[in-house]
Amino acid sequence: MIDHLLHRADQLPWTLQMMDEIGVDPRRVVIELTEEAVGPDTESLRRLVEVYRKHGCSIAVDDVGAEASNLDRIGYFEPDIIKIDALILRRSLRERSFRQVLKGLGAIAEGLGASLLFEGVETEADLDQALGFGARFLQGWYFSKAGPDFLPDTAFSKMLLPSLQNYGLRVQRGTEGRKRRLRQTIEQLGRPPIPAENAPGFWEFSLEALRGWGEPACRVFLTDHSGFQVSPNYEKWSSDWQINPAGLGRCRSIRPYFPGDGDNRWSVSDAYYDVNDRTLLRTYSRPAGPRLILFVDVPEIENRP
């Protein structure tokens, strides 16, 4: 492809000529862009990529997650397939930070309408992990070594069927367990204490009232409807509540748990890591009167059954 750009830009690329000569349908061909292929002349390469795409080829960005990979290749070339490097898949089996990276790449793929392909799938654990991060395509010796011929579309269906069935059952059990934990927490929270306005725009809870409520909670605070915090943080330390005024006036509308659904029931955020204390949390929220929203942070145990 680089040679074509330098010397034969006015001709049909050799790869497409070869496909035509030997009768290969371009729709069965994926052109991979590796780190080395993307030089300084990105705009010319992008035009060449569009020639391949126009003739029916799919475009993949290779080795995403490898040590030197540049995410700007995804933005430049809008690939049909994002190939996840085998190293990041392996690291995700044991390190939470790599799992978060894969979740982010999944969100990027979904936003672009691209598919994730996981490379280096060699074991059942690799397969399960890749499926959990939204793999649409899988590649590796777990299925077959590379060969000279195209295989039928159904070549691995029988082999994969038990794995996919088991994966589906685990997802179902995990979803049911998660829903059960959320219901239990909401039941424990019940109806929260009523705050008092001690000064215009400044609300407080009675520590005595908090001590008899909120068993699973680790932090409680109030915002107005635009998301600005109007109470201190009430934080639980060694099973008792302490007042921390540091949060007063902060804008919470930029956080992933804001604003909730606005009715009188509890809303629950997705699990996320608090940037200050590195704790995995879910935030439960509900209106606390006509002008306030109550937020309750509850620790979440990652990967528990």
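The values are calculated or read from the model by the stated rules, or taken from the named source; none is laboratory data. Predicted model only: the values in this text are computed from it and were never measured. Note that each Cβ is placed from the backbone with ideal geometry, even for glycine, and that neighbours are counted across all protein chains shown. For the accessible areas, the whole protein counts, side chains as well, though only heavy atoms, and no ligand, DNA or RNA atoms are used. Shrake-Rupley method; radii C 1.70, N 1.55, O 1.52, S 1.80 Å.
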For Asp72, the accessible surface traced by a 1.4 Å probe with all protein chains present amounts, in square angstrom to the nearest 10, to 80
List the relative contact order of the chain as a percent without decimals, with contacts defined as Cα pairs under 8 Å and 6+ residues apart. 8
Among Val61, Val275, Val24, determine the one that fluctuates most according to a GNM of the chain built with springs between C-alpha atoms less than 10 Å apart. Val275
Taking the Cβ of Tyr142 as the center, what net charge do the other residues with Cβ under 12 Å away carry, scoring Lys and Arg +1 and Asp and Glu -1? -4
I'd like the Karplus ³J(HN,Hα) series for region 174-183: coefficients 6.51, -1.76, 1.60, θ = phi - 60°, whole numbers in Hz, and an x wherever there's a Gly or Pro. x, 5, 4, x, 5, 4, 5, 5, 5, 4
If I compute solvent accessible area with a 1.4 Å probe over the protein chains, what percent of it on region 1-134 is carbon and sulfur? 51
Amide H contacts of Glu32 (H built 1.01 Å from N, under 5 Å, at least 5 apart or other chain): Ala60
Applying the Karplus parametrisation 6.51 cos²θ - 1.76 cosθ + 1.60 with θ = phi - 60° to the phi angles of region 16-33, what ³J(HN,Hα) value in whole Hz is obtained for each residue in order, glycine and proline being reported as x? 5, 4, 5, 4, 5, 5, 9, x, 8, 5, x, 5, 9, 10, 10, 8, 9, 9
Relative to the chain, whose Cα atoms define the longest principal axis, helix 96-112 and its Cα axis are tilted in degrees, nearest 10, by 70
Scoring region 88-155 by relative contact order with C-alpha pairs under 8 Å, at least six apart, yields a percentage of 28
Please compute the per residue accessible area over the chain with all protein chains in place, 1.4 Å probe, rounded to a whole number of Å². 59
Number of Lys-Lys pairs in the chain under 29 Å by Cα, sequence gap 8 or more or different chains? 9
Please list Arg191, Arg291, Arg178 in order of solvent-accessible area, largest first, computed with a 1.4 Å probe with all protein chains present. Arg191, Arg291, Arg178
Could you put Asp274, Asp3 in order of accessible surface area, largest first, with the 1.4 Å probe and the full protein assembly present? Asp3, Asp274
Do the sum for the chain: with -39,500 (n - 2.57) for every DSSP H run of n ≥ 4, divided by all residues, what is the mean residue ellipticity at 222 nm, to the nearest 500 deg cm²/dmol? -10500 deg cm²/dmol
With every protein chain in place, what's the accessible area of Lys145 (1.4 Å probe, Å², nearest 10)? 140
Run the 1.4 Å probe and let me know the accessible area of Ile194, rounded to the nearest 10 Å². 150
Neighbour count of at most 10 Cβ within 10 Å plus DSSP loop: longest GluC sites (Glu not before Pro)-free window in the chain: 68-301
